[in-house]
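Read through the structure below, which is laid out as structure tokens, and then see the notes.
The values are calculated or read from the model by the stated rules, or taken from the named source; none is laboratory data. Keep in mind that what you see is a predicted model, and the values were worked out from it rather than measured. Methodologically, a virtual Cβ is constructed for each residue, glycine included, from the backbone with ideal geometry; neighbour enumeration extends over all protein chains shown. Side chains included, ligands, DNA and RNA excluded: accessible areas come from the protein's heavy atoms. Shrake-Rupley method; radii C 1.70, N 1.55, O 1.52, S 1.80 Å.
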Amino acid sequence: AFSDITNSDVFDYENDEQNPIHRFNQLAASERAVSGHIAVSNFGAGTANTEFDILTGTPTNMISGATTSSFRVVHRKTPTIANLFTDIGYNSYFMHPGSNWFYNRSSVYSYFGINDQVFEDSFDLSKDKKGNMISDASFLRQLKGDIESRRKAPQFMYTVTLQNHLTYNYAKYGYEPELLPLKTGISDRAREYLSVYCEGVRDTSDMIYELAQYLDRVSEPTLLVFFGDHLPNLGEDFLTYRELG
């Protein structure tokens with residue numbers, strides 16, 4: 001649920017470092033980067049639909065006008081970016097620190113051309129979590145280790161993080177993260193959603209910055225593509241979005 005909503009003018013930062021995604025903003029502003037916004041098929045949930053859209057080039061909305069998971073239609077080898085790379089000699093890799101059965105990912109990604117798959121059983125569930133999810137820091141440690149162990153062949157690597165998955169209440173981390181300075185007043189409920197979400201988005205921003213620095217140190221040329229799967233659900237009827245204006 002990575003987004004740049006904290007770049008909005010409603011936030012009243014004293015300096016750039018107060019913005020939870022200032023590290024991401026630094027990367028996006030680089031002369032080596034191309035950045036912008038994407039349109040996805042869903043809001044607040046439906047991560048797998050964006051995975052499908054990106055990897056196949058076929059928007060979920062073209063499959064059905066009704067609410068659906070596009071992964072439900074995958075029952076055979078499917079043309080994807082991963083299959084293209086596999087066909088020219090790359091190792092295709094997928095990593096998600098969640099359950100392999102969720103969205104039937106293990107089966108679907110095999111049809112997508114990815115048999116090198118890593119799920120939550122590669123993590124220590126007692127040590128690698130921040131709150132109730134595998135942390136972005138643990139995710140990055142696993143990813144760097146997997147890159148190092150696979151460098152004998154060219155790699156196509158597609159990964160999905162998990163830490164900032166909803167819900168965004170104080171119970172997620174067991175404490176109340178500091179709320180960012182705002183130019184407007186919002187309700188206690190909206191403050192809760194926003195502060196917990198921003199705690200996670202800061203960790204994601206720091207993680208992607210550290211990953212970019214790591215990739216700069218490896219000898220192989222690398223293209224890094226990073227995007228959010230959907231905007232976060234920050235309360236019923238767009239509560240926090242409405243209160244922020």
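In the range 3-64, if every C-alpha pair distance is counted and binned at 5 Å from zero, what percent goes to each bin?
3, 15, 19, 15, 17, 15, 9, 5, 1, 0
Among the GluC sites (Glu not before Pro) in the range 155-238, which ones are in a DSSP loop with at most 13 other Cβ atoms within 10 Å of the Cβ? Mind listing them?
Glu178
Taking the Cα atoms of the chain, report the difference between the largest and smallest coordinate on each principal axis, in whole Å and largest first.
So the extents along the principal axes, rounded to whole Å, are 55, 45, 39.
Projecting each Cα onto the charge dipole of the chain (Lys/Arg +1, Asp/Glu -1 at the beta carbon, about the Cα centre), which of Ser106, Ser138, Ala29 comes out farthest on the positive side?
Ser106
Tell me the accessible surface of Ser187 in square angstrom (1.4 angstrom probe, heavy atoms of protein chains only), to the nearest ten.
Ser187 has an accessible surface of roughly 40 Å² with all protein chains in place.
Give the ranking of Met62, Met157 by solvent-accessible surface, highest area first, calculated with a 1.4 Å probe.
Numbers: Met62 145, Met157 55 Å².
Ranking Met62, Met157 by accessible area, largest first, yields Met62, Met157.
If the reach is capped at under 21 angstrom between alpha carbons, list the lysines near Lys127, excluding any in the same chain fewer than eight residues apart.
Cα-Cα hits under 21 Å: Lys144, Lys172.
Would you mind checking which residues have amide H under 5 Å from Gln117's amide H? H placed 1.01 Å from N; only 5 or more apart, or other chain.
Under 5 Å from the amide H of Gln117: Phe94.
I'd like the Karplus ³J(HN,Hα) series for the range 213-224: coefficients 6.51, -1.76, 1.60, θ = phi - 60°, whole numbers in Hz, and an x wherever there's a Gly or Pro.
The phi angles translate into 5, 4, 5, 5, 8, 7, 6, 6, x, 9, 10, 9 Hz.
How large are Rg and Dmax for the range 140-245 when only the alpha carbon atoms are used, in Å?
17.6, 55
Looking only at trypsin sites (Lys or Arg not before Pro) in DSSP loops with at most 13 other Cβ atoms within 10 Å, what is the longest site-free stretch of the chain? Working shown, then result.
Details: sites that count: Arg32, Arg76, Lys77, Lys127, Arg151, Lys152, Lys183.
By the stated rule (loop sites, at most 13 other Cβ atoms within 10 Å), 184-245.
From the phi angles alone, apply the Karplus equation (6.51, -1.76, 1.60; θ = phi - 60°) to the range 197-207 and give each ³J(HN,Hα) in whole Hz, x where the residue is Gly or Pro.
Result, ordered by residue: 4, 5, 4, x, 5, 5, 4, 5, 4, 5, 5 Hz.
Charges at C-beta only: +1 for Lys and Arg, -1 for Asp and Glu. How large is the resulting dipole of the range 188-235 about its Cα centre, in Debye rounded to 20?
Numbers: 4 positive and 9 negative charges, 26 e Å.
Once rounded to the nearest 20, the dipole reads 120 debye.
Could you check the spin-label model distance between Ser187 and Ala153? Points 7 Å from the Cα along Cα→Cβ, value in nm.
Label-label distance for Ser187 and Ala153, simple model: 5.4 nm.
Pull up all non-local amide H partners of Lys130: gap of 5 or more, or a different chain, and H-to-H distance under 5 Å with H placed in the peptide plane.
Counting only residues 5 or more places away or on other chains, the set is Ser135.
So, R0 is 25 Å and r is the distance between the beta-carbons of Glu176 and Arg242; what FRET efficiency does that work out to, to 0.05?
The computed FRET efficiency comes out at 0.65.
Could you give the length gained by full extension between Lys127 and Ala45, i.e. 0.36 nm per residue of separation minus their alpha carbon distance, to one decimal place? Could you put the intermediate results ahead of the total?
On the way: separation 82, 0.36 × 82 = 29.52 nm, distance 2.65 nm.
Extra length available between Lys127 and Ala45 comes to 26.9 nm.
May I have the convex hull volume per residue, in Å³, for the Cα set of the range 1-120?
Once divided by residue count, the hull of the range 1-120 is 150 Å³.
Which whole-angstrom value gives the distance between the alpha carbon centres of the range 100-165 and the range 23-70?
19 Å
Could you work out how much longer the chain between Ser99 and Ser64 gets when fully extended? Use 0.36 nm per residue separation minus the Cα distance between them, nm to one decimal.
10.0 nm
Place a point 7 Å from Cα of Val218 in the direction of its Cβ. Which residues in the range 144-167 have their backbone N less than 11 Å from it?
144-158
Using only Cα atoms, find the angle between the long axis of helix 136-149 and the longest principal axis of the chain, and express it within 0 to 90 degrees, rounded to the nearest 10.
20 degrees
Counting only heavy atoms of the protein chains, get the accessible area per residue of the chain (1.4 Å probe) and round it to a whole Å² value.
That works out to 54 Å² per residue.
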